[in-house]
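Notes for the one structure printed next.
Here, each number is a calculation from the coordinates, and none is a lab measurement. Being a predicted model, the structure only gives us computed values, none of them experimental. Note that each Cβ is placed from the backbone with ideal geometry, even for glycine, and that neighbours are counted across all protein chains shown.
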Amino acid sequence: MSPSPARVVVVVGGGIIGLAVADRLRADRPDADVTVLEKERAWARHQTGRNSGVIHSGLYYAPGSHKARMCRAGATSMAAFAEAEGVPYAICGKLVVATREDELPGLRRLLERGRANGLTVRELTPEQAREYEPHVRCVAALHVAETGIVDYVEVCRALARRLETGGATLSTGAELVAGHRGRGRNGATLLETTAGDIEADVVVNCAGLWSDVVARRLGHRTDVRIVPFRGEYHDLSPRAAQLVRGLVYPVPDPGFPFLGVHLTRGIDGHVHAGPNAVLALAREGYSWGTVHPREALQTLTFPGFWRLAAANWRPGGAEMARSLSRRRFAASVREILPDVGVDDLSPAPAGVRAQAMHRDGSLVDDFLIEGDDRIVHVLNAPSPAATSALEIARHVASLVRSGRDAA
């Protein structure tokens, strides 16, 4: 029997998910012709390159969910990848601190969830917490041992080097314009791109902020929409940075779908505070001055957005005020780190979270992967997707191999 012809695989999106998926598919099928399409001129320009650089432990996610399982495994596989590829990283642990008595039930729920997810979580008194972070104020805390930090842009560069060494085609400045399933030879999908047409046996959509748009261009029907939320950061001054040893998080508001402003000492030694969460008026709206009317209109006419806004108007208003006032942002930081002043904060590059939302206003809470073995769409992959990237890639590759529908 003659061997089957090499498959042509195209991955759309050059962030950490796209590069990890391409690397896994190339490893699984060394004879495949693997191409990565990225509309920017470099890798990791958006979510991957604009986050806290945290290797998450899996503390926050419902036991048994994709996020819980993939994040828990991903923390291990990401650290192993960084070690093997010479990418700087550290598993430093983190504190989650309750600064008020009314936050103690939420802290207890996190403790139970963390233990259900197999994590090493310790309850701490204020005195014990100060052994980790002497300048942090709290009434109780948790220590989570498995949390770490890494440079995800360097991870992407390492993935790109592996792909190049393995013979993959890496096309930057190449945007998918349209896709036509079955119109290529032997039933392949015909892809129209700004770099020319490609026929692909397998297509994986890892377009992040544009994943729903790319899905529609490929003829996929889905009821979810990416609604972009900007997360703004501030760098701490050298004086204030000396007050933070590692990672310090607040107890998240159970009624608000974001984690709150936290403190992160990155792999480069700098400490930043953030992010908050405000609506972005463009999918790549990294400042209030970036407004794309058509994209903003698509968000503002989406029924789900208004339902979410109505349910979260109070915390949403607080996030808006914090965005517009450095004094309010500093006040949020002082709840955890009292010795920080307004002058200790300077604006740092913001990120935009590619959050999928249903028409009823509910956020897609888990990773969402739809499609089949020929075209797979990664439609919801916000945090902790960077941590989970190698596990998401493993899952996508299993769908392509098995011929099962994505779930």
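Assorted remarks:
- The chain: most fluctuating residue of Gly231, Gly173, Gly371 per GNM, C-alpha cutoff 10 Å: Gly173
- Per residue of the chain, the DSSP helices (runs of n ≥ 4 H) give a summed -39500 (n - 2.57) that works out to -10000 deg cm²/dmol at 222 nm.
- Of the residues Trp313, Trp43, Trp210, the one that moves most in a GNM of the chain with alpha-carbon contacts below 10 Å is Trp313.
- Relative packing of 241-247, 181-187, which averages over residues the other C-beta atoms within 10 Å, highest first: 241-247, 181-187
- Gaussian network model of the chain, Cα within-10 Å springs - most flexible of Thr193, Thr165, Thr120: Thr165
- Gap separating the Cα centres of the stretch 162-233 and the stretch 327-355, nearest whole Å: 36
- Length-normalised contact order for the chain - Cα pairs under 8 Å, 6+ apart - percent: 22
- Of all DSSP beta bridges confined to the chain, the antiparallel ones make up roughly 70%.
- Under a model in which nothing but the beta-carbon of Lys, Arg (+1) and Asp, Glu (-1) is charged, the stretch 226-357 shows a dipole of about 220 debye around its Cα centre.
- Only Lys, Arg, Asp and Glu carry charge here, each on its Cβ (+1 for the first two, -1 for the last two); on that basis the chain has a dipole of about 480 debye about its Cα centre.
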